[in-house]
């Protein structure tokens, strides 16, 4: 069975989310799309960030991907869950460092500030990069306090 990766967006990230889900499938992952299923300008980002963050927090999924206009709202919600390290990444380099140094397990893309092509590059870099461990493991261990 391939790795499940939970994916969610609000209205601002809806189109990019559809591309991310397709790309994850193409790469052999099993994306779990928590929504929205249709574009709704009145939706609220916490409604989609929570199920993704909860799945990662509880260990149902190792990783998740979220997108909204700036990425900030999704990251605020996701990082309230234990064991979730959501990182807003606007470049492949940021995504790589978030994985290497912080073991980011939720990628958050700012859909109004990255193109679909850039979003795919960021996703690929995040998926391909492992956690470096070492001195970073000590720091990551200090994040959770539950």
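Kindly express, to the nearest 10 degrees and within the range 0 to 90, the angle between helix 14-26's C-alpha long axis and the longest C-alpha principal axis of the chain.
So the helix axis and the longest Cα principal axis differ by about 60 degrees.
By how many degrees, between 0 and 90 and to the nearest 10, does the Cα long axis of helix 116-128 differ from the longest principal axis of the chain?
Tilt relative to the chain: about 30 degrees.
In region 121-146, whose amide N lies under 13 Å from the spot 7 Å out along Cα-to-Cβ of residue 3? List them in ranges.
123-132, by backbone N distance to the label point.
Taking the 0 to 90 degree range and rounding to the nearest ten, how far is the long axis of helix 46-57 tilted relative to the main principal axis of the chain, both from C-alpha atoms?
30
What ranking of 143, 5 emerges when the number of other C-beta atoms within 10 Å of each C-beta is taken as an exposure proxy, fewest first?
Placing the least packed residue first, the sequence is 143, 5.
Label residue 25 and residue 144 with points 7 Å out from Cα along Cα→Cβ: what is the distance between them in nm?
For residue 25 paired with residue 144, the spin-label model returns 3.2 nm.
Just want the ordering: 6, 76, from fewest to most Cβ atoms lying within 10 Å of their own Cβ.
Final ranking by Cβ density, sparse to dense: 76, 6.
Quick one: compute the contact order of region 4-141, relative version, from alpha carbon pairs under 8 angstrom and 6+ residues apart, as a percent.
In percent, rounded to a whole number, it is 24.
Suppose each label sits 7 Å from its Cα in the direction of the beta carbon; what would the residue 132-residue 76 distance come out to in nanometres?
Computed distance between label sites residue 132 and residue 76 equals 3.1 nm.
Quote the relative contact order of region 40-111 in percent (integer), defining contacts as alpha-carbon pairs under 8 Å separated by 6+ residues.
35
Running a GNM on the chain with Cα contacts under 10 Å, which residue among 53, 104, 61 ends up with the highest mean-square fluctuation?
Most flexible of the set in this elastic network: 61.
Answer rounded, prolate or oblate for region 4-141, using the Cα gyration tensor with square roots of eigenvalues a ≥ b ≥ c: rounded when a/c is under 1.5, else prolate when a/b is larger than b/c, else oblate.
prolate
Can you give the Rg and Dmax of region 83-128 based on its C-alpha atoms, in angstrom?
Gyration radius and largest Cα-Cα distance of region 83-128: 9.6, 30 Å.
Only the coordinates and a few stated rules stand behind these numbers; no lab work does. Computed from a prediction, not measured in an experiment: that's the story for all the values here. Glycine gets a Cβ as well: all are built from the backbone with ideal geometry, and neighbour counts include every protein chain shown.
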